[in-house]
Amino acid sequence: MDIEKFRSAVMNPRTRTYCVLDAAAVPNLPRKLYEFDPPNYPLIRGELTPDMVHVVPYLALMIPNEKFTSWVLENAFGKNWGIIVQSRFSIYEMRRHFRSLIQVVDEQGKAMLFRFYDPRVIRKFLPTCDSEQLKAFFGNADAYFSEAEDGEVLLSYTNAEGELATKEIVLSDKE
């Protein structure tokens, strides 16, 4: 994978770039967040028990040229660690938005965790959305990025006037 192509695709100087990473998928994510110290928040509300710290999703700000950002860009792709999001909104507003998405109710009224931050889920979910669902899901987000199934392509999703626009960005350094 061409890491500079990856970096230029997701890091936009006109917006903030965030990642939503799944601690259950990322080895030692709580330790990495502590070591690199990017602005970050768990998406689950309340006090986390020690075992929960290692399985919940975290929202983190990706600051250009910071060690955390480089670590994510160099290690996450191809492993289904999470998604990347571009937004003009603050981390607090994005946390509120993502927390509003994380819990859904099934047909029987049972609350369930919606793993929208899993690339395997977002790839299947977004193409099924109608314009109102896209509006709600995008909320404060300008673009979502996830890895494609083949691990060679980055998928970019935007809400283009109520229609999902998907762009494939080939990240292979083989031309």
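Any read-out appearing in this document is the output of simple, stated calculations on the displayed coordinates, not a laboratory observation. Because the structure is a prediction, the values reported are computed rather than measured. Quick reminder, even Gly has a Cβ in these numbers, built from the backbone with ideal geometry, and neighbours come from all protein chains shown.
Taking the Kirkwood radius as the inverse of the mean 1/r across Cα pairs, report the Rg/Rh of segment 73-175. Intermediate values should be presented prior to the final figure.
On the way: Rg = 14.3 Å, Rh = 14.6 Å.
A ratio of 0.98.
Among MET94, MET112, MET11, which comes first, second and so on when ranked by fewest other beta-carbon atoms within 10 Å? The partial results should precede the final answer.
Details: MET94 22, MET112 10, MET11 18.
Sorted ascending by nearby Cβ count, the order is MET112, MET11, MET94.
Show which lysines lie in cross-link reach of LYS79 when reach means a straight Cα distance below 16 angstrom and same-chain residues fewer than eight apart are skipped.
The reachable lysines, counting only those whose Cα sits under 16 Å from LYS79, number zero.
Which order results if THR158, THR69, THR166 are arranged by neighbouring Cβ count within 10 Å, fewest first? Working shown, then result.
Values: THR158 16, THR69 21, THR166 13.
Ranked by crowding around the Cβ, least crowded first: THR166, THR158, THR69.
What's the long-distance tail for segment 3-170, i.e. % of Cα pairs beyond 25 Å?
Values: 3751 of 14028 pairs.
The proportion of pairs with Cα distances above 25 Å equals 27 percent.
Taking LYS67 as the anchor, which lysines have their alpha carbon closer than 16 Å to its alpha carbon, excluding any fewer than eight residues away along the same chain?
Once the sequence-local lysines are set aside, what remains near LYS67 is LYS32.
Within segment 18-113, report the GluC sites (Glu not before Pro) that DSSP leaves as loop and that have at most 14 other Cβ atoms within 10 Å. Let's see the in-between values first.
On the way: sites: GLU35, GLU47, GLU66, GLU74, GLU93, GLU107; in loops: GLU47, GLU66, GLU107.
Sparse-neighbourhood loop GluC sites (Glu not before Pro): GLU47, GLU66, GLU107.
Where the centroid of each part is defined by its Cα atoms, how far is segment 5-29 from segment 85-105 in Å?
15 Å
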